[in-house]
1. Please go through region 241-257 and give me each residue that is in contact (Cβ under 8 Å) with a residue 40 or more places away in the chain and under 16 Å from the mean Cα position of the chain (by Cα), ordered by number.
2. Please go through region 199-229 and pick out each residue that is surrounded by fewer than 22 Cβ atoms within 10 Å (Cβ to Cβ), touching a Phe, Trp or Tyr at 6+ places or on another chain (Cβ under 7 Å) and closer than 14 Å to residue 187 by Cβ.
3. Show the residue pairs that are 6+ apart or on different chains and have beta-carbon atoms under 7 Å apart, the first residue being within region 270-286 and touching a residue at least 60 places away in the same chain (Cβ under 8 Å), the second being exposed (fewer than 15 other Cβ atoms within 10 Å of the Cβ).
4. List every residue pair whose Cβ atoms sit under 6 Å apart, with the two residues 6 or more apart in sequence or on different chains, where the first one lies in region 171-188 and is assigned by TED's automatic domain parsing to the domain that holds residue 159 and at pLDDT 90 or above and the second, anywhere, is among the charged types (D, E, K, R) and assigned to a loop (DSSP other than H, G, I, E, B).
5. Could you please give the count of residues in region 288-330 that are among the small types (Gly, Ala, Ser), over 33 Å from the mean Cα position of the chain (by Cα) and within 22 Å of residue 256 (Cβ to Cβ)?
Amino acid sequence: MNRNSDINMARYLAGEMYMSEEIAFRKEVESNQRQRSELEIMEKSWKYFDDNPADNNWDSGKAWTSLHQRIEEDGLLEDANSGRTGRNLLPSLRIAASILLVLAIGIPSLYFGVFRNSSSTPVENQFAREGVTTVDLPDGSRAYLNEGAEITYSPEFKQERAVSLKGEAFFEVMSDPVNPFTVRSGKVMVSVLGTSFNVKQDEASHGVEVYVKTGKVRMAVEETGAFITLQPEEIGVADQAVLNRSNQKDPNYISWKTKDFKFVDAGLVDVLQELEDSYHVNIHTDGIDMEEMKITTSYKEQSIDAILETIGAAFGMTVNSTEDGYYLIN
């Protein structure tokens with residue numbers, strides 16, 4: 001097996017493959033005994049790093065020593081005692097090297113070095129003046145900027161996939177195991193190989209939220225060097241240089257981008273607020289007592305006009321549209 005095959009194993013274990021890639025990879029492994037054996041070795045080694053993450057600074061030398069010792073303790077280097085030499089002794093260590101390569105992509109020192117050591121000042125700038133703006137990046141990745149968001153990046157983006165973000169954006173990142181995609185937002189750095197995720201910076205509190213839709217994402221705080229690895233449907237929050245994680249339970253968290261909504265016994269006040277935030281409009285309800293009004297419904301890629309018409313019909317209201325926004329009237 002070559003180095004690319006090892007990296008594909010690491011991508012598989014990290015959950016960084018697209019569904020079609022994963023299906024093809026599984027078929028390849030099932031038909032090849034050697035690949036199955038090497039994947040078992042890699043799974044043991046991968047689990048070691050999942051169970052023993054670095055607290056702050058990454059020392060590749062210590063990491064290599066620890067991994068080699070772990071493989072040897074598990075009897076994965078027993079071929080060495082059987083008199084075999086040359087290529088037969090290489091797979092475990094070669095796989096270990098691939099693991100270190102993939103894991104090292106996400107370490108905080110690399111996160112911050114991407115920007116600190118950059119020789120060119122980011123000159124490419126994209127700003128969402130109104131509504132959602134879609135930006136196709138030079139490497140094939142795509143960013144969806146929420147209204148008011150701004151990203152900057154170097155013209156050498158393909159060699160250094162680094163983006164600086166103000167505001168909120170959803171990223172769909174093309175996979176590249178040896179060239180990580182990084183996003184800097186405030187004092188937080190986010191690093192991925194190939195996945196989709198949302199980054200939101202709160203201008204008032206300077207806090208940052210990262211929500212993972214697919215794949216894995218590493219989130220780090222520059223001041224402390226602390227970092228966490230987020231799985232799909234998890235959200236990481238950096239507040240006052242402290243990192244916390246939780247499961248994302250709000251079905252409308254990225255509705256500003258998808259325009260898909262789900263409301264279950266939701267208060268009408270909250271529903272209208274969600275629609276205002278997602279469509280960037282004003283909805284006026286002067287004089288209407290909505291305290292007891294609740295609604296269960298869903299909308300998929302509908303216009304704000306169509307949604308408000310259905311809400312108006314459900315509660316016996318009329319909807320008027322003016323330059324100042326929308327008015328619900330009893």
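1. Residues satisfying the conditions are 253, 254, 257.
2. Of everything in region 199-229, just one residue is surrounded by fewer than 22 Cβ atoms within 10 Å (Cβ to Cβ), touching a Phe, Trp or Tyr at 6+ places or on another chain (Cβ under 7 Å) and closer than 14 Å to residue 187 by Cβ, namely 222.
3. Close Cβ pairs (under 7 Å, with a partner that is exposed (fewer than 15 other Cβ atoms within 10 Å of the Cβ)) amount to 280/131.
4. 174/139; 181/161
5. Matching residues across region 288-330 total 2.
The values are calculated or read from the model by the stated rules, or taken from the named source; none is laboratory data. Note that the coordinates shown come from a computational prediction; the quantities given were computed from them, not determined experimentally. Cβ sites come from the backbone with ideal geometry, for glycine too, and all protein chains shown count toward neighbours.
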